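The values are calculated or read from the model by the stated rules, or taken from the named source; none is laboratory data. Since we're looking at a predicted model, the values are computed, not measured. Cβ atoms come from the backbone with ideal geometry, glycine included; neighbour counts cover every protein chain shown. Heavy atoms of the whole protein, side chains included, go into the accessibility calculation; ligands, DNA and RNA do not. Shrake-Rupley method; radii C 1.70, N 1.55, O 1.52, S 1.80 Å.
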Amino acid sequence: MIVRPATADDAVQIAYIYNHYIATSHATFELEPIDAVEMLGRLKAAWADDYPFLVFDAAGYLGGYAFGESFLSGAAFGGSINTAVYVRPGKDGMGIGTALYGHLLSEVRQRKFESAVAAISLPNDACVHLHEKCGFEKAAHLRNVARKFDRCFDVGYWQLLIEP
């Protein structure tokens, strides 16, 4: 089992993992499933902008993935990166998220970002625990800003200041 950069061949499994969260949880606020072509486009966009996109390769299947993307548009925000991790359904609690985040944050440091930010839909104790375990601290809490499954959700922002 290794963490490695995602390849085009991973798009199908990454879409599978993400679609699980779209359909069953408020971990993402996308409402419609995406196909491998759409996921490949997202991978290519990350690569073009030099954002990390990593997978946990468990010898035959992906145990999860992690990526960074623009935090906010505008050149002034270029020192910050939005980060996220998704673990394959049924594989949570096995250390996959922690392994992915460790490698992702190493990539973030190598790319000289000053701040990593994670938006977490609340409630989500497991995700909060993962981020705090990786050094993130709660920076903001917005109430009732997202709607999914006919319900309003809060979104919290956790931040990790990257030491130079």
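The condition of being among the hydrophobic types (A, V, I, L, M, F, W, C) and not in a strand (DSSP E or B) holds for only one of Ala59, Ala140, Ala146, Ala66, that being Ala59.
Taking the stretch 88-137 only, how many residues are more than 19 Å from Thr28 (Cα to Cα) and part of a strand (DSSP E or B)? Residues in the stretch 88-137 being more than 19 Å from Thr28 (Cα to Cα) and part of a strand (DSSP E or B): 2 in total. Within this structure, Tyr18 passes the test of being open to solvent by less than 80 Å² (accessible area, probe 1.4 Å) and closer than 27 Å to Phe153 by Cβ.
Residues in the stretch 38-56 that are in a helix (DSSP H, G or I) and among the hydrophobic types (A, V, I, L, M, F, W, C): Met39, Leu40, Leu43, Ala45, Ala46, Trp47, Ala48. Selection within the stretch 21-42: residues that are aliphatic (A, V, I, L, M) and out of contact with any helix residue (DSSP H, G or I) (no Cβ under 6 Å at 6 or more places or on another chain). The member of this set that is surrounded by the most Cβ atoms within 10 Å (Cβ to Cβ) is Ile22.
Specify the residue that is nearest to Thr7 (Cα to Cα); the eligible residues are those in the stretch 69-87 that are in contact with a strand residue (DSSP E or B) (Cβ under 9 Å, 6 or more places away or on another chain) and part of a loop (DSSP other than H, G, I, E, B). Lay out the reasoning, then the answer.
To start, the set of residues in the stretch 69-87 that are in contact with a strand residue (DSSP E or B) (Cβ under 9 Å, 6 or more places away or on another chain) comprises 69-72, 77-87.
Checking the rest, the ones that are also part of a loop (DSSP other than H, G, I, E, B) come to 71-72, 78-79.
Values: Phe71: 23, Leu72: 25, Gly78: 25, Gly79: 25 Å.
Taking the candidates together, the pick is Phe71.
Sort out which residues of the stretch 1-15 are part of a helix (DSSP H, G or I), loosely packed, with under 13 Cβ neighbours inside 10 Å and of a type in the set (D, E, K, R), and write them in order of number. Within the stretch 1-15, Asp9 is the sole residue that qualifies. The residue list Gly135, Gly95, Gly156, Gly90 contains one member that is surrounded by fewer than 16 Cβ atoms within 10 Å (Cβ to Cβ) and in contact (Cβ under 8 Å) with a residue 12 or more places away in the chain, which is Gly135.
Within the stretch 109-151, the set of residues being aromatic (Phe, Trp, Tyr) and farther than 16 Å from Phe71 by Cβ comprises just one member, Phe149.
Output the number of residues of the stretch 107-131 satisfying the condition of being in contact with a His (Cβ under 6 Å, 6 or more places away or on another chain) and open to solvent by 50 Å² or more (accessible area, probe 1.4 Å).
Going through the stretch 107-131, the residues in contact with a His (Cβ under 6 Å, 6 or more places away or on another chain) turn out to be 118, 121.
This time we only want the ones that are open to solvent by 50 Å² or more (accessible area, probe 1.4 Å), so: none.
Of the residues in that region, 0 qualify.
Run down Phe71, Phe77 and say which single residue is modelled with pLDDT under 95, surrounded by fewer than 22 Cβ atoms within 10 Å (Cβ to Cβ) and within 13 Å of the chain's Cα centre (by Cα). Talk me through it step by step, then tell me what you get.
Numbers: Phe77 fails: within 13 Å of the chain's Cα centre (by Cα).
Selected residue: Phe71, the only one of Phe71, Phe77 that is modelled with pLDDT under 95, surrounded by fewer than 22 Cβ atoms within 10 Å (Cβ to Cβ) and within 13 Å of the chain's Cα centre (by Cα).
Here Leu62 meets each of (1) of a type in the set (A, V, I, L, M, F, W, C); (2) touching a Lys or Arg at 6+ places or on another chain (Cβ under 8 Å); (3) open to solvent by 30 Å² or more (accessible area, probe 1.4 Å) with one exception, condition (3).
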